[in-house]
Amino acid sequence: MRLKRKDLLGIEELERGEIEQILSTAESFKEVSAREIKKVPTLRGKTVINLFYEPSTRTRTSFEIAAKRMSADAVNISVSTSSVAKGETLKDTAKNLEAMRPDCIVVRHLSSGTPQMLSKYVSCSVVNAGDGAHEHPSQALLDMLTVKEKKGRIDGLKLSIIGDITHSRVARSNIYGFTKLGAEVTVCGPPTMIPPGMERLGCSVTTDMTEAIRGADVIMMLRIQMERQKESLFPSVREYSRLYGLDDAKLKGAKDDVIILHPGPINRGVEISSEVADGPYSLILDQVTNGVAVRMAIFYMLLGGTREEAQFK
Amino acid sequence: MNRLVIKGGRLIDPSVNVDGLFNIYIMGGRVGTIKPADRDTTELVEGAPGLEVIDATGLVVLPGFIDAHTHLREPGFEYKETIKTGTMAASSGGFTSVLCMANTNPVNDNASVTRYILDKAKAEGTASVHPIGAVTVGQQGERLTEFGELKAAGCVAFSDDGVPITDGAVMRRALEYSMIFGAPVVSHAEDPRLAGAGVMNEGAVSTRLGLKGIPNAAEDAMVARDLSLAELTGGRLHIAHVSTRGAVELIRSAKARGVNVTAEVTPHHLTLTDEAVSGYDTFTKMNPPLRAQEDVDALRGGLKDGTIDCIATDHAPQSTIEKDVEFDKAANGIVGLETAFSLAYGLVEERILTLNEIIRALTINPSKAFLLNKGSLRVGSQADIAIIDLNRTWKVDPSRLKSKSKNTPYGGRTLKGVVIKTVVNGSVVYDATKENS
Ligand SMILES: [Zn+2]
């Protein structure tokens, strides 16, 4: 089954049915990754360009592996922001890439909205691999897949997202995704890290960590960027960690069957303690595994053929 | 001596409470006589040498518009706009005078730059150009420029527009010192620290888009400071491009206390909200940013009750190099001269403002704020006139704009109110009927 859209730019514009289709396609692709020969010929002859303006080995590698397991050719282009400042506009870059006739451009950029702009300039598919503080749709999809696998459902669950909400594209995409699938989402962080009008995205807002933990079925911890101290968003790492870091003591207030997610890479001892990150409730490594499956599904549903082919009988 | 007669049009001049059908006789660049059309028995010899007759039947005839806030970009940024193309844009928008900001390269902080601008305008311009000199040398916010020399060279006001004057003491001295010359200090009121790395209005929309926001407080705080300084010094303050409801309220109460302040609002802040940024169109990026509906409503109310005096464009041409880039990196500003009247007239059509209110804000009010002695059509006035068809619509086609830059968020929009002819100093400088369609 193909998505009825050229691009995957965000979760906000997806319908519930589309999200469910991507998740079920990803489930069927997990089987491929478990095989001895982890490759299917589905996207042979297709070219995927990974255009990363922001370094992220983890996400880029995940997209690259996903493309290769589908037999697509994957090309990585890392652009440091300094080398872009040579008078070439984003439009120029887009037109140059377009001239190489790729089937899909996966783009990561520190400026919000860049994938949207790029998609207007090129005729091939564009996948947003994270834009500024806006969206990170593949991350939200892999998070939803991970929760669905573990809990058997998303409908009716309570998700708490804790950390720097202002700067988090992961938070935004997950709010859209989880609420579309029927979950209740609460965001939590210091008031300096919760932007105005957050509740209009469909979530509740609290600054009280205890409240966010209590009753949550899923806790998603966000990575804190140390540089934010300079912007007076928090006074010190020590205080942040004491107030909003997840450790065993705070976890005592959680449900017995709570699960913990983190988009990675984690700052051990800052937003999450090592005991919790490596503990029984943590699904951090499952998230990574599911990342490949979800990205295979995304490529397949944007570039590929029918659902029958997805079964690879 | 050349003569121009504008016959049968509806002359609206709020400065003298005129609204009716008149024939206007212009000689030597000045208004000679104005006669009621129905009682005018003057016999014109059609085809007489040096006589031009404009039949303005069905059209409105207005004092030419005065833009208190234009960036002509020359010298230094001729790839964005020149004095020639900028004044052509002005003419096609019904503007007969523009006040041009000092943030050129070199900065207009000394008389040689002022003279360069005026010489260029005289040689190539199709509108009167009134330069605004910088408040501080190089717009560095530290040392005052030589106001006396700049004024003598032709500057009508002082502003570091584009760069807020963060040092309150410098602003205080500027307001005091400019009193010698009776020239206003124009404040681009923004606390740069509060604005931070913001690229749009701070609110629910910036949160959704993941773009850094500029809170209203960045403007409110600076407007409050400047009003306090105007009150302290008695100096003449003009607040540029007011965008927040808080600033409107602050100016309203300052005016009630008798503070010597005037203010302007742009057509875009009157007609668009931050929702327009939703598609990450860099043509919706400007400073101050598009705000929320509550702000737009307050700005309209402020214009209506006289808190805000002028509609000024903040015409800010930017090339594709500055705009075809990531939203964060894109330069601020939009072109505005050619859409200003029609956008304002749209508010008249919506019954939010009256025709008189918008004409006042485009003519006599900016003239008074900047002591230009223009914006009025009386016997003896300089014949600066805009002739407009209020019943016709036009579709904004960016490629057809006279401005060298095409950065308008209104591309594709159909607007009502078409400028038919623009007259500067008694000469027709723009004629829509002679444009290729
Ligand atoms: Zn300004």
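For region A:1-105, what D do you get in µm² per second when you plug the Kirkwood radius from alpha-carbon pairs into Stokes-Einstein at 20 °C and 1.002 mPa s?
136 µm²/s
Determine the shape class of region A:163-217: with a ≥ b ≥ c the square roots of the Cα gyration tensor eigenvalues, call it rounded for a/c under 1.5, and otherwise prolate if a/b is greater than b/c, oblate otherwise. Don't jump to the answer; show the numbers that get you there.
Numbers: a/c = 1.80, a/b = 1.11, b/c = 1.62.
Since a/c reaches 1.5 but b/c is at least a/b, the shape of region A:163-217 is classed as oblate.
Roughly how tilted is helix A:90-99, in degrees to the nearest 10 and between 0 and 90, from the longest Cα axis of chain A?
40 degrees
Using a Förster radius of 45 Å, what is the FRET efficiency between A:Thr206 and A:Lys4 based on their Cβ-Cβ separation? Nearest 0.05, please.
0.75
What value, in deg cm²/dmol to 500, does the helix sum -39500 (n - 2.57) over DSSP H runs of n ≥ 4 give at 222 nm once divided by the residues of chain A?
Result for chain A, helices only: -12000 deg cm²/dmol.
Starting from the 7 Å offset along Cα-to-Cβ, what nm value, one decimal, do you get for the label separation of A:Ser274 and A:Asn76?
The answer from the label model is 2.8 nm.
To the nearest 0.05, how large is the calculated FRET efficiency for B:Asn2 and B:Asn105 if R₀ is 60 Å and r is the Cβ-Cβ distance?
Approximately 0.95, to the nearest 0.05.
Please list, by residue number, every one of the trypsin sites (Lys or Arg not before Pro) in region A:187-234 that is coil in DSSP and has at most 14 other beta-carbon atoms within 10 Å.
Sites meeting the loop and neighbour criteria: A:Arg214.
List every DSSP H helix in chain B whose Cα atoms extend 15 Å or more along the helix's own long axis and whose mean Kyte-Doolittle hydropathy is at least 0.0.
Qualifying helices: B:216-233, B:245-256.
Could you state the per residue volume, in Å³, of the convex hull enclosing the Cα atoms of chain B?
Expressed per residue, the convex hull around the Cα atoms of chain B is 131 Å³.
Which percentage, to the nearest 5, of the DSSP beta bridges contained in the protein assembly as shown is antiparallel?
Around 35 percent antiparallel, to the nearest 5.
Can you give the accessible area of A:Tyr281 in Å² (nearest 10), computed on protein heavy atoms with a 1.4 Å probe?
Its heavy atoms expose roughly 90 Å² to the probe.
Rounded to the nearest 100 Å², what is the buried accessible area between A and B, both sides summed, probe 1.4 Å? Write down the numbers at each step before the final one.
On the way: alone 13650 and 16950 Å², together 28870 Å².
By this definition, chains A and B bury close to 1700 Å².
Would you please classify the overall shape of region B:129-237 from the alpha carbon gyration tensor, given that a ≥ b ≥ c denote the square roots of the eigenvalues, rounded means a/c under 1.5, and beyond that prolate means a/b larger than b/c while oblate covers the rest?
Values: a/c = 2.72, a/b = 2.04, b/c = 1.33.
Cα axes put region B:129-237 in the prolate bin.
Using a 1.4 Å probe over the heavy atoms of the protein chains, calculate the carbon and sulfur portion of the accessible area of chain B as a whole percent.
Carbon and sulfur: 49 percent of the exposed surface of chain B.
Just to be sure I follow the definition: excluding the sites themselves, where is the longest run in chain B that has none of the GluC sites (Glu not before Pro) in a DSSP loop with at most 16 other Cβ atoms within 10 Å?
No qualifying site falls inside B:147-349, the longest such stretch.
Does any residue of region B:197-212 lose at least 20 Å² of accessible area with all protein chains in place compared with its chain alone, and if so which ones (probe 1.4 Å)?
With the partner chains in place, region B:197-212 has these residues losing at least 20 Å²: B:Glu202, B:Ala204, B:Thr207, B:Arg208, B:Gly210, B:Lys212.
Percent of alpha carbon pairs in the protein assembly as shown separated by more than 51 Å?
Working: 73277 of 280875 pairs.
Summing the P(r) of the protein assembly as shown above 51 Å gives 26 percent of all pairs.
Against the longest alpha carbon principal axis of chain A, how many degrees, from 0 to 90 and to the nearest 10, is the axis of helix A:284-303 turned?
The helix A:284-303 is inclined about 30 degrees to chain A.
Computed from the mean reciprocal separation of all distinct C-alpha pairs, what Kirkwood hydrodynamic radius does region A:178-313 have, in Å?
Evaluated over region A:178-313, this radius sits at 16.9 Å.
Ignoring trypsin sites (Lys or Arg not before Pro) that are buried or in helix or strand per DSSP, and keeping those with at most 13 other beta carbon atoms within 10 Å, what is the longest stretch of chain B between them?
B:1-142
Using a simple spin-label model with points 7 Å from Cα along the Cα→Cβ vector, what separation in nm is obtained for B:Glu249 and B:Ala169?
Result: 3.3 nm between the two label points.
Going from the alpha-carbon gyration tensor of chain A, what semi-axes, largest first and in whole Å, does one get by taking the root of 5 times each eigenvalue?
Equivalent ellipsoid semi-axes, largest first: 32, 24, 17 Å.
List, by residue number, every residue in region A:106-150 with a reduction of 40 Å² or greater in accessible area between the chain on its own and the complete protein assembly, 1.4 Å probe.
In region A:106-150, residues shielded by partner chains: A:Ser111, A:Ser112, A:Met117, A:His134.
Could you name every residue in region B:322-360 that has 20 Å² or more less accessible surface in the full protein assembly than in its own chain alone (probe 1.4 Å, ligands and nucleic acids excluded)?
Output list: B:Asp324, B:Val325, B:Glu326, B:Asp328, B:Lys329.
With a 1.4 Å probe and all protein chains left in place, how much accessible area per residue does chain B have, in Å²? Let's see the in-between values first.
On the way: 16050 Å² over 437 residues.
That works out to 37 Å² for each residue.
What residue among B:Leu353, B:Gly336, B:Gly380 has its Cα farthest toward the positive end of the dipole of region B:314-385, where the charges are +1 on Lys, Arg and -1 on Asp, Glu, each on the Cβ?
Checking the options against the dipole of region B:314-385, the answer is B:Gly380.
Hey, in the GNM for chain B with a 10 angstrom Cα cutoff, which one of B:Thr42, B:Thr33, B:Thr271 fluctuates hardest?
Taking springs between Cα atoms under 10 Å, the residue moving most is B:Thr42.
Let me spell out the model: positive unit charges on the Cβ of Lys and Arg, negative unit charges on the Cβ of Asp and Glu, origin at the Cα centre of chain B. What dipole size does that give, in debye rounded to 20?
The calculated dipole for chain B is roughly 600 debye.
Could you work out what % of the accessible surface of chain A is carbon and sulfur, using a 1.4 angstrom probe and leaving DNA, RNA and ligands out of the count?
The nonpolar share, carbon plus sulfur, comes to 50 percent.
Nearest 20 debye, what's the magnitude of the dipole of region B:316-434 about its Cα centre given +1 on Lys and Arg Cβ and -1 on Asp and Glu Cβ?
320 debye
Gaussian network model of chain A, Cα springs within a sub-10 Å range: biggest mean-square fluctuation belongs to which of A:Val218, A:Val126, A:Val276?
Largest GNM mean-square fluctuation: A:Val276.
At 7 Å along Cα-to-Cβ for each site, give me the label-to-label distance between A:Lys252 and A:Lys95 in nm.
For A:Lys252 paired with A:Lys95, the spin-label model returns 6.5 nm.
Does region B:270-331 come out rounded, prolate or oblate, given a ≥ b ≥ c as the square roots of the eigenvalues of its C-alpha gyration tensor, rounded meaning a/c under 1.5 and, failing that, prolate meaning a/b above b/c?
oblate
For chain A, set up a Gaussian network in which alpha carbons nearer than 10 Å are linked by springs, and say which option among A:Gly197, A:Gly132, A:Gly163 fluctuates the most.
Highest fluctuation among the options: A:Gly197.
Taking the Cα centre of region B:1-150 as origin, sum charge times position over the Cβ atoms of Lys and Arg (+1) and Asp and Glu (-1), and report the length of that vector in debye to the nearest 20.
For this selection, approximately 60 debye.
Positive end of the dipole of chain A, charges at C-beta (+1 Lys, Arg; -1 Asp, Glu), about the Cα centre: which of A:Met221, A:Thr47, A:Val294 has its Cα farthest in that direction?
A:Thr47
Could you tell me which of A:Tyr121, B:Phe158, B:Ala312 has its Cα farthest along the dipole of the protein assembly as shown towards the positive end, charges placed at Cβ (Lys, Arg +1; Asp, Glu -1), taken about the Cα centre?
A:Tyr121
The values are calculated or read from the model by the stated rules, or taken from the named source; none is laboratory data. Given the structure is predicted, the values throughout are model-derived calculations rather than measurements. Ideal geometry is used to build each Cβ from the backbone, glycine not excepted, and the neighbour counts take in all protein chains shown. Side chains included, ligands, DNA and RNA excluded: accessible areas come from the protein's heavy atoms. Shrake-Rupley method; radii C 1.70, N 1.55, O 1.52, S 1.80 Å.
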